[in-house]
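Comments concern the structure below.
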Amino acid sequence: MGKIYGKVDTPKRRRRKKKVDEHRRKRDIFLNFRMTQKEKDLIEARIAMTGLTKATFFIESCLYQKILVKGNIRTFSVMKDTLRDLTEKIDRNPDLTQLDPTDAERLKTILEITNYLFGERR
């Protein structure tokens, strides 16, 4: 009788190993976007020339390369809202060395865009 109602032997479920990069960061966020076949082919050709993985290529491109921004009403609206938010944070704590790294990056991006649009173009 014990065998009928006993615990059924089932194979142990394998746990997936979490993806961790060389800097011990867990990357568990997905980012998707659409493109044409021609754009895909061109991007994959560029990735192949670098020898990087697709993920590394996209992250490096987005974070460290200059992006050409053409100003439009949406761009300026987002910049205005971001600057308002940053101004409030700086007013609360004027020591810019204590600025959150994310906020510092937002400010740096706005300055790069405005410098390109209104200032010296390199």
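Label zone of PHE118 (point 7 Å out along Cα→Cβ, amide N under 18 Å): in region 60-78 this covers 69-78.
Overall, region 19-65 carries a charge dipole of about 160 debye about its Cα centre when +1 sits on the Cβ of Lys and Arg and -1 on the Cβ of Asp and Glu, all other atoms neutral. Pairs exceeding 19 Å between alpha-carbon atoms, taken from LYS26/LYS108; LYS80/LYS108; LYS26/LYS54: LYS26/LYS108. From most to least packed by mean Cβ count within 10 Å, the peptides 84-96, 50-62 give 50-62, 84-96.
Would you work out if region 67-122 is rounded, prolate or oblate? Take a ≥ b ≥ c from the square roots of the eigenvalues of the alpha-carbon gyration tensor; rounded if a/c is under 1.5, else prolate when a/b is larger than b/c, oblate otherwise. In terms of gyration-tensor shape, prolate.
Kindly state, to the nearest 0.05, the FRET efficiency for THR97 paired with GLU39, given R0 = 41 Å and r defined as their beta-carbon distance. Working from the Cβ atoms, E equals 0.50. Dipole magnitude for region 23-122: computed about the Cα centre from +1 point charges on Lys and Arg Cβ and -1 point charges on Asp and Glu Cβ, it is near 400 debye.
No lab work stands behind these numbers, since they all come straight from the coordinates. Nothing here was measured: the structure is a model prediction, and the numbers come from that model. Please note: Cβ atoms are built from the backbone with ideal geometry, for glycine as well, and neighbour counts cover all protein chains shown.
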